[in-house]
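Only one structure is covered here, and it is reproduced in the block below.
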Amino acid sequence: GIFMTIYNFSAGPAVLPKPVLEQAQREMLDYQGSGMSVLEMSHRSKEFDHIIKEAERLLRELMAIPDNYKVLFLQGGASTQFTMLPLNLAKGRKAYYLVGGSWGKKAYAEAVKLSKTIPFEPVLLASSEDTVYDHIPTFDPKTIDPEAAYVHITTNNTIEGTAIYDLPDTNGVPIVADMSSNILAARYNVEDFAVIYAGAQKNIGPAGVTVVIIREDFLNDEPTLSSMLDYRIQAEAGSLYNTPPAYSIYISKLVFEWVEAFGGVDKMEEANREKSGLLYDFIDQSDFYTNPVKNPAQRSVANVPFVTPSKELDAEFVAEATALGFKNIKGHRSVGGMRASLYNAFPRQGVVDLIAFMKQFEAENKSNYCPFYSRNVIQ
């Protein structure tokens, strides 16, 4: 068959840098002369010790992580952190949740579930669920009890395409952030957070490892109900309390090297803003496509959802796009439409080619709908 360029728009597990995959391929059978693959290597070996320490060193450098923060490589995805956080930090106190998307809602729901067993009070600070999370909700900081354990935010809503770049005033209460979909894609000041956590499978590496960055004074003093769910135990064991997701950590290290070679997080954010900007600008000037995010300042650089005038055309768009090699462009089932996830490793050319296809699709289907009954008006 003819060679076709495949562009992977998946929201996670997502596109990885080709040079990283090529290096992993070269080292697959024999990691740096050890005669072993990283897949079969003891996590206590000197080779792996070097890999995990180097991964941490690179991440510290890329994000400018201060020395009084611990970096952990854990398992269970960001979803396990929904439980670990309150379990370690919130006992006997309040914990606030700002819910600007489906994942923030899940974090809050897990806290509520845990509060039936562990004494603490999860509080819903604000939610934009009633408008299908088309904006980041606001709140009055004075309503926050200054003695609370933390305020939980999601910096980037993978499904709905909104992001928080400027942190809200939380009345002095420490901020904890799920940064799964825009860690290393936009610059954040680590010192503004008590805890940052992120599932790796979007901007860092393959599924299987979760990065947790936690300020030392937030490590729990009392043991939690499980050693595996205990930040202090995990930190003191250097993420080696049990067998870690070794191969995922190795690939993450290669990705960190790739980001560093690219010029670091600031250069990466510049490229991401340019890349996503091309697509947003095209959508904005089109009366055929719309982006649901109300406030342009809250638009995600990582995930760009959009729709055509009808669900039927959306389905047609996805089918045609997929056949042309634009893979995983279908939106999340909870919101429908399309979603282009433009993570760090996603090439700019993929955006250019997508826009060319979008123009063509619009030209071919414009006559099929009456603008007076388009979604914009109905909403």
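At a glance:
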| read-out | value |
| --- | --- |
| Long-range amide H partners of Leu125 with built H, under 5 Å | Tyr97, Leu98, Val99 |
| C-alpha center-to-center spacing [region 57-92, region 249-322] in angstrom | 26 |
| Heavy-atom accessible area order for His152, His50, largest first, 1.4 Å probe | His50, His152 |
| Per-peptide average of other Cβ atoms within 10 Å, ordering 198-205, 262-269, 105-112, 360-367 highest first | 198-205, 105-112, 262-269, 360-367 |
| Rounded, prolate or oblate (a/c below 1.5 giving rounded, otherwise prolate when a/b exceeds b/c) for the chain by Cα gyration tensor | oblate |
| Sulfur and carbon atoms: percent of accessible area, the chain [1.4 Å] | 53 |
| Length released on extending from Glu312 to Leu278, taking residue separation times 0.36 nm less the Cα-Cα span | 9.7 nm |
| Residues of region 78-114 with amide N under 14 Å of a point placed 7 Å along Cα→Cβ from Asn295 | 99-101 |
| Share antiparallel - DSSP beta bridges, region 83-231, percent rounded to 5 | 30 |
| Nonlocal Lys pairs with alpha-carbon distance under 21 Å, region 245-379 (8 or more apart, or different chains) | 15 |
| Extension reserve of the Tyr241-Asn68 stretch, reckoned as 0.36 nm per residue once the Cα distance is removed | 60.2 nm |
| Using distinct alpha-carbon pairs, which all enter the 1/r mean, Kirkwood radius of region 293-334 in Å | 11.7 |
| Region 10-166 - accessible surface per residue (Å², probe 1.4 Å) | 46 |
| Translational diffusion of region 11-122, µm² s⁻¹ [Kirkwood Rh, Cα pairs; Stokes-Einstein; 25 °C; 0.890 mPa s] | 140 |
| Surface per residue (accessible, 1.4 Å probe) for region 285-356, Å² | 41 |
| Tensor-based shape of region 60-124 (alpha-carbon gyration tensor, a/c under 1.5 rounded, otherwise prolate or oblate) | prolate |
| Accessible area (Å², 1.4 Å probe, nearest 10) - Thr154 | 10 |
| Region 270-379 - Rg (one decimal) and Dmax (whole number), Cα, Å | 13.3, 39 |
| Approximate spin-label separation Glu129-Ser79, in nm, with each point projected 7 Å along Cα-to-Cβ | 1.8 |
| Residue order for Val351, Val132 - accessible surface, 1.4 angstrom probe, largest first | Val132, Val351 |
| Label-point separation in nm, Arg348 to Asp217, each point 7 Å along Cα→Cβ | 4.3 |
| Cβ-Cβ FRET estimate between Ala261 and Ser226, R0 fixed at 45 Å, reported to 0.05 | 0.70 |
| Chain lengthening between Met4 and Ala356 when straightened (0.36 nm per residue, less Cα-Cα) | 125.2 nm |
| Selected from Ser115, Leu29, Val132, residue furthest toward positive end of dipole (region 14-151; charges at beta carbon) | Ser115 |
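The values are calculated or read from the model by the stated rules, or taken from the named source; none is laboratory data. Remember, predicted model here, so these are calculated numbers, not experimental data. Neighbour counts run over all protein chains shown; Cβ positions are idealised from the backbone, glycine included. The area values use the complete protein model at the heavy-atom level, side chains included, leaving out ligands, DNA and RNA. Shrake-Rupley method; radii C 1.70, N 1.55, O 1.52, S 1.80 Å.
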